[in-house]
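To start, the structure under review is shown below, and the notes come after it.
Every number here is computed from the coordinates shown, using simple stated rules; none is lab data. Predicted model, so just to flag it, every value in this text is computed and none were measured. Neighbour counts are summed over all protein chains in view; Cβ atoms, including those assigned to glycine, are modelled from backbone coordinates with ideal geometry.
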Amino acid sequence: MGNRDNVLITGFAQLPRGTTLYERNKIIGVVLVINTKTEIIEDAEFTFVADLTNYYLSDLIKGYDLKKGIQPLTDVIKKHCLLPSQGAIIQAVRSAWDRYHESITNI
């Protein structure tokens with residue numbers, strides 16, 4: 001993972017009010033390791049409290065090719081992540097995607 005072609009990107013989103021997660025954390029974060037040459041997500045981590053949630057989501061998006069665009073990735077999350085925080089997860093991933101594309105010209 002110490003590859004010089006990799007970048008570390010984060011994204012954040014507010015959790016839905018009225019959920020246990022909101023009362024505890026208020027926001028959800030995602031950290032992505034992206035290979036700038038291949039544009040593949042090599043690793044991912046979420047800031048959920050439950051390890052199983054983090055593992056499942058990370059496994060779901062690792063290996064995704066960002067050259068395909070963000071929509072197929074959000075479709076996968078919608079299909080396989082049936083949580084009240086689904087929208088926040090998608091927003092955090094989209095925020096990381098946006099940050100990556102804004103900075104890609106500087107890499």
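When the chain is described by a simple charge dipole with +1 on each Lys and Arg Cβ and -1 on each Asp and Glu Cβ, the residue from G29, N3, G63 located farthest towards its positive end is G29. Working note: Karplus 6.51/-1.76/1.60 with θ = phi - 60° gives the stretch 64-80 the couplings 5, 8, 5, 5, 6, x, 7, 4, x, 5, 5, 5, 4, 5, 4, 6, 10 Hz, where Gly and Pro are set to x. Of the peptides 82-94, 36-48, the ranking by mean beta-carbon count within 10 Å, highest at the top, reads 82-94, 36-48.
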